[in-house]
């Protein structure tokens, strides 16, 4: 596709990520490092999954292989999320200690949210980078690509939209999961794996002829639900006063 | 800045060094993608190709054997030139070295920069005439030489030129054939370990000489912008000593330009806090001279590989709170046509640890983290080579290299001695390249083209 088209697809997939990055993360070096660690760990989990399934890649003939593949992939990544939670507890501890030593304020609730956001954004960005952007950038040129089972949208548009959906899902479900673990709420803790599983299996609809429209809609719907749930949880947490001075008056420059 | 969020201050030095490394890699990837997306058709003459000229039609064993021979020759030449550098430094031939450095810097910017510029002009059909091009190139090269020689330039200009030099040299290295490049990278990583960690290694010797003499080792070092909060005036600044060891091979690659050493002043924590700070901070690596100041051992953490800290005796009459000025000398990749001495490695995290160790009030000047330009170059060569396969490998290798860089910093705080920065990053980079190329890429393409995601 043309350069403008390619840029458009990239922005579709990465728009919210870029916005989140430049408003929340860019001013805080620690969050940038968290982001990089998160992306790296997603990549490592991807390498592990690919290592196991490389030999059994499903083709046209054995489509059912996708099911155990996706199941194992989601389990692997949810295990990584659980690991992140434990890492996060340690990190929080260390940061608080350092803050005391440097006579700086301890971690505020907003700070903890931001760290969770950085972790989640890392996962989401990793997904988009490896599944969408990596295939996009070499494809600048005079042609485009369609898949036979989906004649309505080009391959790039499809991957951009799905990438956008998954980015939002990963980002906000990490916040929900961290919140759930912190507060000990089982339902919240199960939301992230549950939504991940649901969204992943929803993409199986794309295998059917003409099903890609429904697949994309399902993914974007999941993204909407995830962000709504996250919003609701945070809204409830801040209490009756929607804009308490303590948490929102700290400027993000 | 008194009250600040911990998230805003912690890690700023690391980010300050990861950013220029990323920019360098990005520029090299862009150059590779636009000019030579499948490798260079014309083999570039270089020392690394003395023994074996790789052809795509050679067999596997031929390529591997030939590449290893090439790498061996390269490493030997690098070692020899590094020892030459040590000898020259030992005999204080500074004027000669300085002059040669300037000449080499100019050659890199003018010759390699000009070559890349010509390729870009051809590729994008940029309308420019030869005379204007020559004038601009000459100006560009001259400003570059001035920027890395004199410290009066705005730091952004110096940083920019250092990154550009790294980009140019790295791009030229990516023109080597594939097998030679990969084996060369691994060989240089190994050489790095040996040269820095073994007592007889040239880099080790160079650093110790510099420490003994209390002199600066000039080298091409990228210096991240310091977050100065309070700088005490320096009683005496050393004159820059330039060392250059450049092989005379004109067809070859980079040279080094010794930057001016900026001395950074770090104020010690007030005596009362010293013990806690010292406890929190890390101790100096063993190869660093640590003179006790203020009647107590204010330990100064030091950076990696061939990093050296000189503590000057405190001038009389100065306040107790002022620490002796430190100059953290980072030895960098003196690159010559071969890769020589003190490359890469050095990362100074003194300031980082200083910062962490806490020192609330009397102003800690966090000295900048310095990373040798050789590191920039080799990281970018790896990523540039990965770009010749696919962008997936580029992202994977980028993450691996940044992870290696970060873990080298962490190891530094644990081991507290000079550490080379190349090995971990290059090894991780190569591993991730192979894994991504053979495992992840087919997997992703399969899933993507069926629109199945997770």
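Numbers at a glance
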| quantity | calculated |
| --- | --- |
| Qualifying residue in the stretch B:93-107 (condition: part of a loop (DSSP other than H, G, I, E, B), within 30 Å of residue B:205 (Cα to Cα) and free of Cβ contacts under 8 Å to residues at least 24 places away in the same chain) | yes |
| Among (1) in a helix (DSSP H, G or I); (2) closer than 30 Å to residue B:389 by Cα, the one test that residue B:134 misses | (2) |
| Residue B:396, sole failed condition from (1) under 30 Å from residue B:201 (Cβ atoms); (2) within 10 Å of chain A (Cβ to nearest Cβ); (3) surrounded by 24 or more Cβ atoms within 10 Å (Cβ to Cβ) | (1) |
| Meets criteria (at pLDDT 80 or above and within 30 Å of residue B:393 (Cα to Cα)) for residue B:109 | yes |
| Any hit, the stretch B:363-372, residues being surrounded by fewer than 22 Cβ atoms within 10 Å (Cβ to Cβ) and at pLDDT below 90 | yes |
| Test: residue in the stretch A:181-188 that is in a loop (DSSP other than H, G, I, E, B), in contact with a helix residue (DSSP H, G or I) (Cβ under 9 Å, 6 or more places away or on another chain), without any contact (Cβ under 8 Å) to a residue 12 or more places away in the chain and over 20 Å from residue A:63 (Cα atoms) | yes |
| Residue identified as touching a helix residue (DSSP H, G or I) at 6+ places or on another chain (Cβ under 8 Å) and either more than 10 Å from every other protein chain (Cβ to nearest Cβ) or surrounded by 22 or more Cβ atoms within 10 Å (Cβ to Cβ) (or both) among A:107, A:135, A:117 | A:117 |
| Flag if residue A:178 is in contact with a helix residue (DSSP H, G or I) (Cβ under 8 Å, 6 or more places away or on another chain), modelled with pLDDT of 90 or more and more than 14 Å from every other protein chain (Cβ to nearest Cβ) | yes |
| Restricting the stretch A:3-22 to residues that are more than 13 Å from residue A:133 (Cβ to Cβ) and within 14 Å of chain B (Cβ to nearest Cβ), the residue that is surrounded by the fewest Cβ atoms within 10 Å (Cβ to Cβ) | A:3 |
| Residue satisfying condition, being touching a strand residue (DSSP E or B) at 6+ places or on another chain (Cβ under 8 Å), away from every other protein chain (no Cβ under 11 Å) and more than 26 Å from residue A:4 (Cβ to Cβ), within set A:194, A:210 | A:210 |
| Tally, over the stretch A:107-152, of residues that are touching a residue at least 40 places away in the same chain (Cβ under 8 Å) and either within 15 Å of residue A:24 (Cα to Cα) or in a helix (DSSP H, G or I) (or both) | 27 |
| Test for residue A:25: is it within 22 Å of residue A:169 (Cα to Cα), surrounded by 19 or more Cβ atoms within 10 Å (Cβ to Cβ) and at the interface with chain B (Cβ under 7 Å from one of its Cβ atoms) | no |
| Qualifying residues in the stretch A:73-88 (those that are within 14 Å of another protein chain (Cβ to nearest Cβ) and in contact (Cβ under 8 Å) with a residue 60 or more places away in the chain) - the one farthest from residue A:56 (Cα to Cα) | A:88 |
| Answer residue from the stretch A:41-57, given it is within 7 Å of chain B (Cβ to nearest Cβ) and without any contact (Cβ under 8 Å) to a residue 12 or more places away in the chain and is nearest to residue A:208 (Cα to Cα) among those | A:57 |
| Subset of the stretch A:208-228 (residues that are in a helix (DSSP H, G or I) and either modelled with pLDDT under 85 or in contact with a helix residue (DSSP H, G or I) (Cβ under 6 Å, 6 or more places away or on another chain) (or both)) | A:212, A:214, A:215, A:216, A:218, A:219, A:220, A:222, A:223, A:226, A:227 |
| Count of the stretch A:58-72 residues which are over 19 Å from residue A:196 (Cβ atoms), at the interface with chain B (Cβ under 10 Å from one of its Cβ atoms) and surrounded by fewer than 16 Cβ atoms within 10 Å (Cβ to Cβ) | 3 |
| Condition check for residue A:165: within 9 Å of another protein chain (Cβ to nearest Cβ) and crowded, with 21+ Cβ neighbours inside 10 Å | yes |
| Subset of the stretch A:89-104 [facing chain B (nearest Cβ under 7 Å) and surrounded by 13 or more Cβ atoms within 10 Å (Cβ to Cβ)] | A:95, A:98, A:99, A:101, A:102, A:104 |
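Let's see how each residue does on (1) more than 7 Å from chain A (Cβ to nearest Cβ); (2) at pLDDT 90 or above:
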position	(1), (2)
B:413	yes, no
B:418	yes, no
B:427	yes, yes
B:432	yes, yes
B:438	yes, yes
B:449	no, no
B:454	no, no
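The values are calculated or read from the model by the stated rules, or taken from the named source; none is laboratory data. On a predicted model such as this, the values are computed, not experimentally measured, just so you know. Cβ sites come from the backbone with ideal geometry, for glycine too, and all protein chains shown count toward neighbours.
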